[in-house]
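Taking it in order: structure first as structure tokens, then the write-up.
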Amino acid sequence: MLNRRSLAVGALVALGTLAAPVVVAQQASPADQAITYRKSVYQVILWNLGPMGAMVQGRTPFDASTFARNAQRIATMAPMLSEAYVVESATPGKTRAKAEIWKNKADYDKLMQDFVTQTASFANVAKGGDLAKIRPAFGQMTQTCKACHDKYRSE
Ligand code: HEC
């Protein structure tokens, strides 16, 4: 049976549903949105990289189709990163991106471009399904992650 209390709860639930997107939109500044976006892209990349690393190292059996699929996903995600490095997002404490990125933007963009190129050619090698070729290509591709992290990501 409906009483005053359950009506009030119902109204609150309805309000909450309607109000939630508005609140989110007000809270996330353009800087926060850019930081959340790029971290999410890196997380998607990492999620797909993990199983490939295990296969390359022989910790799990090599599955050519999963490997090629994940490599293609990373190649698709990589070009989505550079747009997230808006200058407003150089916010100490909220991000591990070093301020040097925006001082050396041309150098940073070059590392990002290398990464995009590497992930695309790696996806092609992965499509071939030959583990003997995939292994060195995997090392080369992940080297571009390290090159950038060493220089531009703080601990
Ligand atoms: C051109 C530079 C660059 C390249 C290439 C790059 N990263 Fe990063 N990565 C960064 C920076 C800068 C951050 C810090 C982002 C932040 O905190 O706002 C980061 C953060 C991350 C994070 C943490 C995300 C989080 O939730 O805080 C992961 C995971 C990651 N990178 C994985 C990778 C992997 C894996 C690759 C290669 C396949 C890669 N990155 C390639 C610059 C790069």
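The values are calculated or read from the model by the stated rules, or taken from the named source; none is laboratory data. Values in this document were obtained by computation on a predicted structure and should not be read as measured data. Neighbour counts run over all protein chains shown; Cβ positions are idealised from the backbone, glycine included. The protein model used for the area step is the full one, side chains on, heavy atoms only, and it has no ligands, DNA or RNA in it. Shrake-Rupley method; radii C 1.70, N 1.55, O 1.52, S 1.80 Å.
Quick one: 3J(HN,Hα) in Hz for the stretch 141-155, Karplus 6.51/-1.76/1.60 with θ = phi - 60°, rounded, Gly and Pro as x.
Each residue of the stretch 141-155 in turn: 5, 5, 5, 6, 5, 5, 4, 6, 4, 4, 8, 10, 10, 7, 5 Hz.
Return one whole number: the accessible area per residue of the stretch 114-155 in Å², for a 1.4 Å probe. Provide the component values of the computation, followed by the final result.
Numbers: 2390 Å² over 42 residues.
Per-residue value: 57 Å².
Between E83 and T60, what FRET efficiency comes out of the Förster formula 1/(1 + (r/R0)^6) with R0 = 30 Å and r the beta carbon distance, rounded to 0.05?
On the way: r = 34 Å, r/R0 = 1.13.
So the FRET efficiency works out to roughly 0.30.
Could you give the length gained by full extension between D107 and S29, i.e. 0.36 nm per residue of separation minus their alpha carbon distance, to one decimal place? Could the numbers behind the result be given before it?
Numbers: separation 78, 0.36 × 78 = 28.08 nm, distance 2.67 nm.
Stretched fully, the D107-S29 segment lengthens by 25.4 nm.
If you plug each phi of the stretch 91-101 into the Karplus form 6.51 cos²θ - 1.76 cosθ + 1.60 with θ = phi - 60°, what whole-Hz ³J(HN,Hα) values come out, in order, with x for Gly and Pro?
Each residue's phi maps through the Karplus curve to give 10, x, x, 9, 9, 8, 6, 6, 4, 4, 3 Hz.
Round to a whole number: what % of the accessible area of the stretch 29-152 belongs to carbon and sulfur, probe 1.4 Å? Write down the numbers at each step before the final one.
Values: 4080 of 6870 Å².
Its accessible area is 59 percent carbon and sulfur atoms.
What GluC sites (Glu not before Pro) does the stretch 68-118 have in DSSP loop regions with at most 14 other beta carbons within 10 Å?
Details: sites: E83, E88, E100; in loops: none.
Passing sites in the stretch 68-118 do not exist.
Which loop trypsin sites (Lys or Arg not before Pro) in the stretch 37-135, with loop taken from DSSP, have no more than 15 other Cβ atoms within 10 angstrom of their Cβ?
Working: sites: R38, K39, R59, R69, R73, K94, R96, K98, K103, K105, K110, K127, K133; in loops: R59, K94, R96, K98.
The qualifying sites are R59, K94, R96.
Considering only lysines 8 or more places apart in sequence, or on different chains, count the pairs in the stretch 29-152 whose C-alpha atoms sit under 24 Å apart.
Eligible lysine pairs with Cα atoms under 24 Å apart amount to 22.
In whole Å, what is the distance between the alpha-carbon centres of the stretch 35-91 and the stretch 110-137?
When both Cα centres are located, 12 Å separates them.
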